[in-house]
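One structure is given here, and the rest of the page talks about it.
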Amino acid sequence: MKKYGVILFFSMIVNLVAAQSVSLLVEAESFGEKGGWVVDQQFMDLMGSPYLMAHGMGVPVANAETSVEFPRTGKYNVYVRTFNWTSPWYEGEGPGQFQLMINGGKIGSVLGNAGKEWYWQKVGTVNIKKRNSVIGLQDLTGFNGRVDAIYFTKDNVPPPNDPKALDQFRKQQLGIPEVPENAGKFDLVVVGGGVAGTTAAISAARLGLKVALIQDRPVLGGNNSSEVRVHLGGRIKVEPYPALGDVVKEIGPSRGGNAQPAEFYEDEKKMQMVEAEENILLFTNWRAFAVKTEGSTIKEVYARHIETAQELSFTAPLFADCTGDGTVGFLAGADYAMGREAKKEFGEATAPEIPDKMTMGASVQWYSAQEKQPVDFPIFQYGVDFNDESAKQVTMGEWTWETGMNYDQITQFERIRDYGLMVVYSNWSWLKNLSAKKENYANRRLDWVAYIAGKRESRRLLGDHILKEQDLTDFIIYPDASAPTSWTIDLHYPDPKNTQHFPGNEFLSIAVHKPIHPYPIPYRCLYSRNVDNLFMAGRNISVTHVALGTIRVMRTTGIMGEVVGMAASIAIKNNTNPRGVYNNHLNDLKKLMETGVGKYDVENMQNYNLGGSLGPKKSSIDVPPYGKD
């Protein structure tokens, strides 16, 4: 594996480029020393940029600092783009408070505690006496204050806030070329470095393809990384193709469980497996944001670095959307579905009578640690009120802490994640400070709260076959049977008990399981029906909402990735596209699925098969009973 050498042009980001304006734009995510602040890129498609966030779980984090060169000395008006994140629920000052610093001195008033949207908050004026200066961000609370950018100007005019105008303003200020640099030509570009994308890249690379793997975080694994901490669900070694899953086993952690310590998820193992592949060029911290198409074919994907704002283009005959959100397909105009289909659309027994936009939610998991001495936690009351009846008397929260089922998991995702943070902090504050049982929590410290939310459902890209409930329950096997799904049909709904206390604002879920027999997903679910050269692997494949309940777990999505890598190798070899593999080379794909692409005979003892119970078998295909992986 060759890791792309990012040209870190921080100096470009913090220097004046526009000759007619004496100004300086500093992107917060480009700070050279981030201290305890974290880079959050999850919402850059919504608010225009990654940002820095003070994720201290109630304890102020270390200052972030960066060196800049002002175009000249003198007085500047200063603006900071920020957001009072509790404003959807609370009218008063928010908790995400911080201050701007110049050369060690505080500038202006407290920031981050006002406003109901991302906006340019006026800091005041500052007299710059030295062109070479140090800008700092001082967190005051540890409660997720956030900073997009800082703007110094001799004029008294803030930058635009309209997304398109702001994007153009950034490019002008930062000197970002209109035409991105080309990262090279590849056989396959995989966008998304979760389990599905990682296995797709490895599978294709082992079969001789030159692969670009683009991931918008510094680690691989997605929901199975240490940033989210969800176990690998589902089974491998399942008929009719027991060799499928060998790559999943190679990259998977040896221990299971949700919301466990970071080392359980073995981020380094996934990275090492990719780095061992000479045919993979890895692009961590790059987020795809646009595509170029000709007719129904993707020609290029454009990605932006989440810290430097540098942009690259990626060219290939084949692309794989493993983003979870179906981002590449959406940008390319692929047909997709979102929400729940009506019962009459596919005849599914579990579907509602009337279609709606409800999805499964996203989880912000957390846990606490026991200390020898009492540990304080601030009072946190910002619009979501608890009492001893509504509070959850627990010391950790995993998958059941689930938010956003009745909100749009794309356009409202920052609100969804923030509500996840809100209820964790509010509930913990009640337990620590006001509960009748607070002595039980006196020595407990909030030890980890995810700020990367674990999403279950959003867009589902539509292929030549849409997997539905009856395919699974009636065990209808198609000629292009491929990756096996072995989890139950596991659909989540708001917890009725939680609804009693927080109607319309639930944060706990229940799971309703419908048993199935391990079922091989048709290959036609793994490519777009109207974008000719687009594969899919992961939760964004071609399924109904009901069928998503079984295929979304990560051993299953990883097996999909393996199949996509195999199909891509056949497509390149035969100068065809994903549909061409189905129409003309299906037997070649079956042979590869029989053989597999595993390299290493490693033991994966993770056996976390909750929800994977067997249903009635309705085919002569021999599927072994459940056991260890």
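The values are calculated or read from the model by the stated rules, or taken from the named source; none is laboratory data. Everything quoted here is computed from the prediction, not taken from an experiment. Cβ coordinates were reconstructed from backbone atoms using ideal geometry, including for glycine residues, and neighbour counts include every protein chain displayed. Ligands, DNA and RNA are excluded from the accessible area calculation, which covers all protein heavy atoms including side chains. Shrake-Rupley method; radii C 1.70, N 1.55, O 1.52, S 1.80 Å.
General remarks:
- Residue in segment 478-496 that is closer than 29 Å to V375 by Cβ and open to solvent by 20 Å² or more (accessible area, probe 1.4 Å) present: yes
- No other residue among L548, L586, L534, L526 is more than 22 Å from the chain's Cα centre (by Cα) and not small (G, A, S) apart from L586.
- Residues (among the aliphatic types (A, V, I, L, M) and either under 24 Å from L209 (Cα atoms) or in contact with a Leu (Cβ under 6 Å, 6 or more places away or on another chain) (or both)) located in segment 310-336: L312, A316, L318, A320, V328, A332, A334
- Taking the conditions (1) open to solvent by less than 50 Å² (accessible area, probe 1.4 Å); (2) over 30 Å from D246 (Cα atoms); (3) basic (K, R); (4) assigned to a helix (DSSP H, G or I) in turn, R304 satisfies each one other than (4).
- Candidates N440, N433, filtered to the one that is over 28 Å from the mean Cα position of the chain (by Cα), open to solvent by less than 60 Å² (accessible area, probe 1.4 Å) and at pLDDT 95 or above: N433
- Listed by first and then second residue, the pairs with beta-carbon distance under 6 Å, at least 6 apart or on different chains, first residue in segment 210-229 and more than 23 Å from G397 (Cα to Cα), second open to solvent by 20 Å² or more (accessible area, probe 1.4 Å) and among the polar types (S, T, N, Q), are K210/N279; V211/N279; P218/N285.
- Residue count, segment 282-301 (criterion: open to solvent by 10 Å² or more (accessible area, probe 1.4 Å) and in contact with a Leu (Cβ under 7 Å, 6 or more places away or on another chain)): 2
- Residues in segment 73-105 that are farther than 17 Å from L421 by Cβ, out of contact with any strand residue (DSSP E or B) (no Cβ under 8 Å at 6 or more places or on another chain) and surrounded by 17 or more Cβ atoms within 10 Å (Cβ to Cβ): none.
- Of the strands (runs of 3 or more DSSP E) contained entirely in segment 464-527, those carrying at least 1 residues that are under 28 Å from Y407 (Cα atoms) and hydroxyl-bearing (S, T, Y) fall at 481-485, 489-494, 509-514.
- Of the residues making up segment 113-129, those that are among the charged types (D, E, K, R) and either within 15 Å of N84 (Cβ to Cβ) or crowded, with 17+ Cβ neighbours inside 10 Å (or both) are K116, E117, K122.
Conditions (1) in a loop (DSSP other than H, G, I, E, B); (2) open to solvent by less than 10 Å² (accessible area, probe 1.4 Å), marked per residue:
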{"site": "S313", "(1), (2)": "no, yes"}
{"site": "D325", "(1), (2)": "yes, no"}
{"site": "F330", "(1), (2)": "no, no"}
{"site": "K344", "(1), (2)": "no, no"}
{"site": "I354", "(1), (2)": "yes, no"}
{"site": "M358", "(1), (2)": "yes, no"}
{"site": "T411", "(1), (2)": "yes, no"}
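- Enumeration of residues in segment 541-569 that are open to solvent by 10 Å² or more (accessible area, probe 1.4 Å) and of a type in the set (A, V, I, L, M, F, W, C): V553, M554
- Unmet criterion (only one of (1) over 27 Å from the mean Cα position of the chain (by Cα); (2) open to solvent by less than 20 Å² (accessible area, probe 1.4 Å)) for L140: (2)
- G192 meets the conditions (1) farther than 30 Å from N575 by Cα; (2) at pLDDT 95 or above in every case but one. The failed one is (1).
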